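These notes are about the structure you will find just below.
The values are calculated or read from the model by the stated rules, or taken from the named source; none is laboratory data. Just so you know, these numbers come straight off a predicted model, no measurement behind them. Cβ atoms come from the backbone with ideal geometry, glycine included; neighbour counts cover every protein chain shown. Keep in mind that these areas ignore ligands, DNA and RNA; they rest on the heavy atoms of the full protein, side chains included. Shrake-Rupley method; radii C 1.70, N 1.55, O 1.52, S 1.80 Å.
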Amino acid sequence: MELPRESPDRVRHFRPVPLNFSRSRTVLVVDDDEAIRLALRSFLEKVGFDVREAWSGRSALAQLTSGRLPEIVITDLKMSDGSGYWFLEEVEREFPRMVKRTIIITGDADHEAAHELSSRTGCPLVRKPFELSQLLEVLDQVSLNS
């Protein structure tokens, strides 16, 4: 068997998902758009996360107050029942350690307010539409920093 001596010009680099067995690797996806929740669930489960869903800030807060804290929260900002802004304020007040494990996703045209919120809370901001690989990079950063 003869193996090539040099790598081909077009090599796809494999970026493994970091495995951290000391954590449950759960993520709570908060978005009122069911299609986005389902797409994120499908992707996140494929890379090893246990996914929980909430359709509003209020339903997400109810999950958190029930004692089921996830490793990471991914939240949209504009939702019909309890905005992501409100939800993040509640998380800051009730679960301050959870804030640095929260990722903001938004397609909001008022990006100034979203950037201000991201800067104030330290939550990474991912703008919709986004590549799933981009979200995975941010998930890695949040996992490593929490």
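Side notes on the structure shown:
- Annotation: amide H-H contacts under 5 Å for Thr26 (H modelled 1.01 Å from N, sequence separation of 5 or more, or interchain): Asp50, Glu71, Ile72.
- Remark: spin-label model distance Arg52-Gln134 equals 2.8 nm, labels positioned 7 Å along the Cα→Cβ axis.
- Share of carbon and sulfur in the accessible heavy-atom surface of segment 36-146 [1.4 Å probe, %]: 50
- For segment 39-76, applying the loop criterion from DSSP together with a ceiling of 12 other beta carbons within 10 Å to the trypsin sites (Lys or Arg not before Pro) yields Arg68.
- Normalised per residue, the accessible area of segment 26-113 is 45 Å², obtained with a 1.4 Å probe and no contribution from ligands, DNA or RNA.
- Computed from the Cα positions only, the extents of segment 43-146 along the three principal axes stand at 33, 29, 25 Å, in decreasing order.
- Under 18 Å from the Phe43 label point (7 Å along Cα→beta-carbon), backbone N, segment 117-143: 124-143
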